[in-house]
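Data block below; observations after.
The values are calculated or read from the model by the stated rules, or taken from the named source; none is laboratory data. Because the structure is a prediction, the values reported are computed rather than measured. With ideal geometry, Cβ positions are generated from the backbone for all residues, glycine too; neighbour counts draw on all protein chains shown. For the accessible areas, the whole protein counts, side chains as well, though only heavy atoms, and no ligand, DNA or RNA atoms are used. Shrake-Rupley method; radii C 1.70, N 1.55, O 1.52, S 1.80 Å.
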Amino acid sequence: MRDGDAPRVNAAPDAPELSRIWALAVDTDPRCRPTRTAADTCRATTDRQSKFEHVFLRGITPGEQRVHPSRYSDHHQLYADLDLA
């Protein structure tokens, strides 16, 4: 990834494109980290049982995260509660 490039869409947690973001922020899924076992610990967000959707936070505490299948897409709806206190 070159400076100024945005991460590609559908990036898995361990994708090199996300490494700069992981250095600054956390995912709302507390079990999801860019490790070799990320596929085993991240909550799946697609019909293919992969994690592609991320909500990255910095300075905000993640609350509960929920994933619901969508009848309109193979990507599921991701809901994240945030603790702004």
Is at least one residue of the stretch 27-38 open to solvent by 30 Å² or more (accessible area, probe 1.4 Å) and modelled with pLDDT of 85 or more?
-> no
Before we move on, is R43 modelled with pLDDT of 75 or more and open to solvent by 40 Å² or more (accessible area, probe 1.4 Å)?
-> yes
So H68, is it surrounded by 13 or more Cβ atoms within 10 Å (Cβ to Cβ), in contact with a strand residue (DSSP E or B) (Cβ under 7 Å, 6 or more places away or on another chain) and over 12 Å from D29 (Cα atoms) | no
Number of the exception - P62 against (1) open to solvent by 40 Å² or more (accessible area, probe 1.4 Å); (2) part of a loop (DSSP other than H, G, I, E, B); (3) at pLDDT 80 or above | (2)
Is it true that some residue in the stretch 43-55 is among the acidic types (D, E) and without any contact (Cβ under 8 Å) to a residue 24 or more places away in the chain?
-> no
